[in-house]
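J.: The structure's right below; bear with me while I get my questions together.
The values are calculated or read from the model by the stated rules, or taken from the named source; none is laboratory data. Because the structure is predicted, anything quoted here is derived from the model rather than measured. As a convention, Cβ positions derive from the backbone with ideal geometry for all residues, glycine included, and neighbour counts pool all protein chains shown.
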Ligand SMILES: [Zn+2]
C-alpha cells in the first residue's frame, strides 16, 4: 500500500494524483471497521495455521533452541498481515512512530515497502502552528427539521444556535476535503504533574490542518423532547455509541441522530480525518442529567433512576473508549463570570458530585454562554474564580471568541476560543458580504440547510 505522498505538481494534476492514490488506498487498505473484523476473525485462523506449522517444525527441528526459534518465526509470520494493516491505519492517523515500531519485527517485501513509505512521509512532516488551530462547536444536532422548525416558541432559538444533521455532514465533508484533521485539546499542550504547561508539537503532512471540535449541552434537555432531537446516547448492538430518538407514537428508534455516531462513522470511513484517534469533547451540565439519562438526584423517584445512573456510566466509558472526551459546562448552565463566588462554589461542587461521578475525571471547562471569568489578559492567582476552578482540577478553559483561532498558554493553564457553527453564524455570514467568518472551513452557501425558516432571527 502507498501513503499519500507530497507532490509539488500543479494543483489539478495533484488532485488527480491524490484521487488515484485514494482509489489505490481504497483497493488496498480496508477501513478501520474491516480491519478490526479481520483482526478478530483472522488472528484466530492464522494462529491455528501457525500452530500447525510450528508443530511440524518442532518435530523436524534438531534441538531445543532451533525449535523455539521455529515457533517464534511461525507465530510472527502468521501475525504479519494483521500487524501491517494496523500499522497502515496508525500511519494514516499520523502516529508514525507506533506504526514503525509495529512493523519492526518484520522484513518481508510488503513490510519493507510499508516501512519506507512511512519513513518518507515522516520526513515531510511540518509542526502545526498551535495558535492557528480553530476550535469549532455545536449543540445537539437537529435530526428532524420538521419538528424543530414547527412554529413553536422554541423554533427561533433552535434556528439560531443549532445545526442540522445535513449541515453537519456537509461541513465535515468539506473540511476533510480541505485537509482538516481532528485533534484533541490535549494534543496542543500538556499540564505537567508540577502544574506547569508544556506546549506540544502536532506533526502533520504540509497539506493537513488541525482543528478541535466540541459539542455543548449533550444532555438532551427536557425542553427538547418531541422537537426532532435524539433522546439519548446508547451503546449499539455493535458495541459502538449510537443514539435513540423517541417517535410521536412513543416508540424508540436507534440511529445516527447526533454528532457522536455521525463523526465516529466519518472517521471510520476516513481514518486520516483523526489525529491518533481523536474525537470531540462533550460538554455536560447536570441539572437534567447527562447524555439523555435523568441522573440528577431530583429524579431519584423515577423507577428507573438507579438503572439510568448505571447506564449513563457505561455509555460514558464507552464514549471514552471511542476517543471522546468530556468537559464541565457547569452544573446549572451558569454564567461563571458573573454569578457570585458562593454560587460558583456550590455549582462547581454540585457538578463534581452529580456529573463527574458518572463521566469520570476531566480537566476541561467549557464556559456556558461562552462567558469567560476574565478578559483576554492572562489569568492570575489574583482571580479567585480561576483559583477555585484550578483547585478542583480544571486546566483547559474554553470560551467563545470571534477570531478564527485563539489560544493562550498560561504558566499553569491552557485557554482556547471556540467558534459556533450554527444557524445564526451561517445565515449572517451568507447574507452579509462584509462578513467572512466561515470561508476558511467550508462554503456556507452549499452548507446552509434550505429547511430553515428565514430570516434566522438576530441575537439579543
Ligand atoms: Zn451551553
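J.: Can you tell me which residue within the range 351-386, out of those that are in contact (Cβ under 8 Å) with a residue 60 or more places away in the chain and in a strand (DSSP E or B), is farthest from the ligand (Cβ to nearest atom)?
T.: Kept after step one, since they are in contact (Cβ under 8 Å) with a residue 60 or more places away in the chain, are these residues of the range 351-386: 351, 354-355, 358-359, 363-364, 366, 368.
If we keep only those that are in a strand (DSSP E or B) as well, we get 364, 366.
Numbers: 364: 14, 366: 8 Å.
Result: 364.
J.: If you don't mind, another one. Give just the number: which of (1) at pLDDT 95 or above; (2) buried (at least 18 other Cβ atoms within 10 Å of the Cβ); (3) over 18 Å from residue 186 (Cα atoms) does residue 396 not satisfy?
T.: Going through the list (1) at pLDDT 95 or above; (2) buried (at least 18 other Cβ atoms within 10 Å of the Cβ); (3) over 18 Å from residue 186 (Cα atoms), residue 396 breaks only (3).
J.: Being within 16 Å of the ligand (Cβ to nearest atom), in contact (Cβ under 8 Å) with a residue 60 or more places away in the chain and either crowded, with 19+ Cβ neighbours inside 10 Å or not in a loop (DSSP other than H, G, I, E, B) (or both) is the filter here, so list the residues in the range 143-178 that pass it.
T.: Step one: of the range 143-178, the residues within 16 Å of the ligand (Cβ to nearest atom) are 154, 157-158, 160-163.
Subsequent filtering for residues that are in contact (Cβ under 8 Å) with a residue 60 or more places away in the chain retains 154, 158, 160-163.
The answer is 158, 160, 161, 162, 163.
J.: Shifting gears a bit: Just checking, does the range 90-97 include any residue being within 23 Å of residue 268 (Cα to Cα), in contact with a strand residue (DSSP E or B) (Cβ under 7 Å, 6 or more places away or on another chain) and not assigned by TED's automatic domain parsing to the domain that holds residue 202? Spell out the reasoning first.
T.: As a first pass, look at the range 90-97 and keep what is within 23 Å of residue 268 (Cα to Cα): 90-97.
Then drop every residue that is not in contact with a strand residue (DSSP E or B) (Cβ under 7 Å, 6 or more places away or on another chain), which leaves 93-94.
With not assigned by TED's automatic domain parsing to the domain that holds residue 202 added as a condition, the list becomes 93-94.
So far as the range 90-97 goes, yes, one or more of its residues are within 23 Å of residue 268 (Cα to Cα), in contact with a strand residue (DSSP E or B) (Cβ under 7 Å, 6 or more places away or on another chain) and not assigned by TED's automatic domain parsing to the domain that holds residue 202.
J.: Now for a separate question. Report, by residue number, each residue of the range 318-333 that is assigned to a loop (DSSP other than H, G, I, E, B), within 16 Å of the ligand (Cβ to nearest atom) and in contact (Cβ under 8 Å) with a residue 60 or more places away in the chain.
T.: In the first step, residues of the range 318-333 are kept if they are assigned to a loop (DSSP other than H, G, I, E, B); the result is 322-324, 329-333.
Filter once more, keeping what is within 16 Å of the ligand (Cβ to nearest atom): 329-333.
329, 333, listed by residue number.
J.: Exactly one of (1) out of contact with any helix residue (DSSP H, G or I) (no Cβ under 9 Å at 6 or more places or on another chain); (2) away from the ligand (no atom under 16 Å from the Cβ); (3) more than 30 Å from residue 166 (Cβ to Cβ) is unmet by residue 389. Its number?
T.: (1)
J.: Would you confirm whether any residue within the range 257-269 is more than 16 Å from the ligand (Cβ to nearest atom), surrounded by fewer than 23 Cβ atoms within 10 Å (Cβ to Cβ), outside any helix (DSSP H, G or I) and in contact (Cβ under 8 Å) with a residue 12 or more places away in the chain?
T.: Within the range 257-269 (the criterion being more than 16 Å from the ligand (Cβ to nearest atom), surrounded by fewer than 23 Cβ atoms within 10 Å (Cβ to Cβ), outside any helix (DSSP H, G or I) and in contact (Cβ under 8 Å) with a residue 12 or more places away in the chain), the answer is no, since none of the residues qualifies.
J.: What's the number of the only condition in (1) crowded, with 22+ Cβ neighbours inside 10 Å; (2) within 18 Å of the chain's Cα centre (by Cα); (3) in a loop (DSSP other than H, G, I, E, B) that residue 229 fails to meet?
T.: If we test residue 229 against (1) crowded, with 22+ Cβ neighbours inside 10 Å; (2) within 18 Å of the chain's Cα centre (by Cα); (3) in a loop (DSSP other than H, G, I, E, B), just (2) comes out false.
J.: Here's something else I'd like to know. One residue is enough: does the range 302-315 have a residue meeting the conditions assigned by TED's automatic domain parsing to the domain that holds residue 162, within 16 Å of the ligand (Cβ to nearest atom), within 28 Å of residue 396 (Cα to Cα) and crowded, with 22+ Cβ neighbours inside 10 Å? It would help to see each step written out before you state the result.
T.: Step one: list which residues in the range 302-315 are assigned by TED's automatic domain parsing to the domain that holds residue 162, which gives 302-315.
Retained after the next criterion (residues that are within 16 Å of the ligand (Cβ to nearest atom)): none.
No, the conditions are met nowhere in the range 302-315.
J.: Assess whether residue 250 counts as being part of a loop (DSSP other than H, G, I, E, B), assigned by TED's automatic domain parsing to the domain that holds residue 298, more than 16 Å from the ligand (Cβ to nearest atom) and in contact (Cβ under 8 Å) with a residue 12 or more places away in the chain.
T.: It is false that residue 250 is part of a loop (DSSP other than H, G, I, E, B), assigned by TED's automatic domain parsing to the domain that holds residue 298, more than 16 Å from the ligand (Cβ to nearest atom) and in contact (Cβ under 8 Å) with a residue 12 or more places away in the chain.
J.: Scan (1) free of Cβ contacts under 8 Å to residues at least 60 places away in the same chain; (2) part of a loop (DSSP other than H, G, I, E, B) for the single condition residue 206 breaks and write down its number.
T.: (1)
J.: Within the range 124-142, can you find the residues that are over 19 Å from residue 163 (Cβ atoms) and either at pLDDT below 95 or surrounded by 17 or more Cβ atoms within 10 Å (Cβ to Cβ) (or both)?
T.: Residues satisfying the conditions are 125, 128, 130, 133.
J.: Go through the range 334-350 residue by residue and tally those that are within 13 Å of the ligand (Cβ to nearest atom) and under 25 Å from residue 309 (Cα atoms). Can you show your working first?
T.: Here is the first cut: in the range 334-350, the ones within 13 Å of the ligand (Cβ to nearest atom) are 334-336.
Next cut, under 25 Å from residue 309 (Cα atoms) only: 334.
Number of matching residues: 1.
J.: From the set of residues in the range 274-289 that are in a strand (DSSP E or B) and more than 12 Å from the ligand (Cβ to nearest atom), which is farthest from the chain's Cα centre (by Cα)?
T.: To start, the set of residues in the range 274-289 that are in a strand (DSSP E or B) comprises 274, 281-284, 287, 289.
Now narrow it down to the ones that are more than 12 Å from the ligand (Cβ to nearest atom): 274, 281, 289.
Working: 274: 8, 281: 6, 289: 22 Å.
My answer is 289.
J.: Would you pick out the residues in the range 106-123 that are surrounded by 13 or more Cβ atoms within 10 Å (Cβ to Cβ) and in a loop (DSSP other than H, G, I, E, B)?
T.: Within the range 106-123, 106, 108 meet the criteria.
J.: If you go through the range 411-433 one residue at a time, do you hit one that is more than 27 Å from the chain's Cα centre (by Cα) and in a loop (DSSP other than H, G, I, E, B)?
T.: Yes, the conditions are met somewhere in the range 411-433.
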